[in-house]
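Sharing a structure below in structure tokens format, with a few things to ask.
The values are calculated or read from the model by the stated rules, or taken from the named source; none is laboratory data. What you are looking at is a predicted structure, and each value in this text was computed from that prediction instead of being measured. Here the Cβ positions follow ideal geometry from the backbone for every residue, glycine too, while neighbour counts run over all protein chains shown.
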Amino acid sequence: MRKAQDRRLSNALRVALFAILSLLSLLLPGCSSFDAGAGNFNTVVVDAAHGGYDRGARAVSGTPEKMLAIDTAQRLTRILRSKGFHVIETRQSDVFIPLGSRTAVSNRAGGAIFVSIHYNWSPRTAARGIEIYYYGARSRRLASHILRETLRAYPTVNRGVKRNNYYVLRNNRRPAVLCELGFLSNPQDNRYAQNPSYRQHLAERVAAGIIAERKGLGF
Ligand SMILES: [Zn+2]
């Protein structure tokens with residue numbers, strides 16, 4: 001008897017809880033818009049990957065990743081500054097910068113986002129495309145904006161937005177993404193990556209993704 005009452009009570013609670021949750025989901029249809037993304041930011045930490053003895057990926061032909069990354073990062077810096085952003089570069093020349101110093105720059109910068117520029121490599125030469133990595137939830141939308149825009153820079157494969165605990169993402173207190181803008185191990189992607197005018201397109205599209213994020217555009 002006592003048990004049956006308990007069961008009735010717990011059923012009633014379950015029904016009430018269900019009703020409350022259903023009501024909440026009706027009242028808050030745009031719940032996902034509360035995922036504010038990177039929010040307001042005026043500063044972009046532009047991180048040119050690798051440098052110095054760390055050459056990054058080897059290209060099937062032409063310049064290695066460290067040089068393509070800094071060239072693309074410098075193009076991105078110029079574009080962002082022309083749009084009124086405050087930009088902090090983690091490196092301005094072909095020097096090695098430890099990962100901890102890169103995140104320290106970002107963690108010191110108030111109201112900033114962190115954008116790391118890389119080119120990819122795979123032992124499988126057929127692998128190609130663009131993929132954008134993030135770690136924290138508020139960095140995901142920024143990654144999606146940059147992916148959508150950079151896919152317009154040159155014809156290649158959409159490898160998606162991916163979550164990974166890379167050091168510079170995991171140890172970053174600011175919204176942070178790592179852009180892999182094409183495979184230097186793939187002859188087609190590499191041909192575009194080695195071409196300055198396509199690196200300019202890539203930089204412009206990364207900037208467009210950042211601007212879309214600052215405008216708080218939905219996805
Ligand atoms: Zn890299």
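Kindly list the number of the only condition in (1) closer than 30 Å to Thr156 by Cα; (2) not in a strand (DSSP E or B) that fails for Val105.
Going through the list (1) closer than 30 Å to Thr156 by Cα; (2) not in a strand (DSSP E or B), Val105 breaks only (1).
Then there's this: Inspect the range 60-82 for any residue being among the hydroxyl-bearing types (Ser, Thr, Tyr), part of a helix (DSSP H, G or I) and within 16 Å of the ligand (Cβ to nearest atom) and give the result as yes or no. Step through it out loud before you land on a result.
Of the range 60-82, the ones among the hydroxyl-bearing types (Ser, Thr, Tyr) are 61, 63, 72, 77, 82.
With the extra rule that they be part of a helix (DSSP H, G or I), the set shrinks to 72, 77, 82.
Filter again for within 16 Å of the ligand (Cβ to nearest atom), leaving 72.
Yes, because at least one residue in the range 60-82 is among the hydroxyl-bearing types (Ser, Thr, Tyr), part of a helix (DSSP H, G or I) and within 16 Å of the ligand (Cβ to nearest atom).
Conditions tested, residue by residue: (1) under 18 Å from Asn120 (Cβ atoms); (2) acidic (Asp, Glu); (3) surrounded by fewer than 19 Cβ atoms within 10 Å (Cβ to Cβ); (4) at pLDDT 95 or above.
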residue: Lys66; (1), (2), (3), (4): yes, no, no, yes
residue: Arg75; (1), (2), (3), (4): no, no, no, yes
residue: Ser82; (1), (2), (3), (4): no, no, yes, yes
residue: His86; (1), (2), (3), (4): no, no, yes, yes
residue: Arg91; (1), (2), (3), (4): no, no, no, yes
residue: Val95; (1), (2), (3), (4): no, no, yes, yes
residue: Arg102; (1), (2), (3), (4): no, no, no, yes
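Is there any pair linking a residue in the range 43-70 that is more than 15 Å from Val115 (Cβ to Cβ) to one that is away from the ligand (no atom under 13 Å from the Cβ) and acidic (Asp, Glu), with Cβ under 6 Å and at least six apart or on different chains, and which?
Listed by first residue and then by second, the contacts come to Gly51/Asp94.
Okay, next question. Only one of Gly136, Gly182, Gly160 is modelled with pLDDT of 95 or more and within 26 Å of Asn40 (Cβ to Cβ). Can you tell me which? It would help to see each step written out before you state the result.
Working: Gly182 fails: within 26 Å of Asn40 (Cβ to Cβ); Gly160 fails: within 26 Å of Asn40 (Cβ to Cβ).
Matching residue, one of Gly136, Gly182, Gly160: Gly136.
Within the bounds of the range 96-106, is there any residue that is in contact with a helix residue (DSSP H, G or I) (Cβ under 8 Å, 6 or more places away or on another chain) and closer than 25 Å to Tyr192 by Cβ?
Checked the range 96-106: no residue is in contact with a helix residue (DSSP H, G or I) (Cβ under 8 Å, 6 or more places away or on another chain) and closer than 25 Å to Tyr192 by Cβ.
Ok, one more. Out of Gly84, Gly111, report the one residue that is on the phi > 0 side of the Ramachandran plot, more than 18 Å from the chain's Cα centre (by Cα) and small (Gly, Ala, Ser).
Working: Gly111 fails: more than 18 Å from the chain's Cα centre (by Cα).
The unique qualifying residue is Gly84.
Follow-up. Somewhere in the range 159-167, is a residue within 14 Å of the chain's Cα centre (by Cα) and surrounded by 24 or more Cβ atoms within 10 Å (Cβ to Cβ)? Give the steps one after another, and end with the answer.
Taking the range 159-167 and keeping what is within 14 Å of the chain's Cα centre (by Cα), we get 159-167.
Then keep just the ones that are surrounded by 24 or more Cβ atoms within 10 Å (Cβ to Cβ); that gives none.
For the range 159-167, residues within 14 Å of the chain's Cα centre (by Cα) and surrounded by 24 or more Cβ atoms within 10 Å (Cβ to Cβ): absent.
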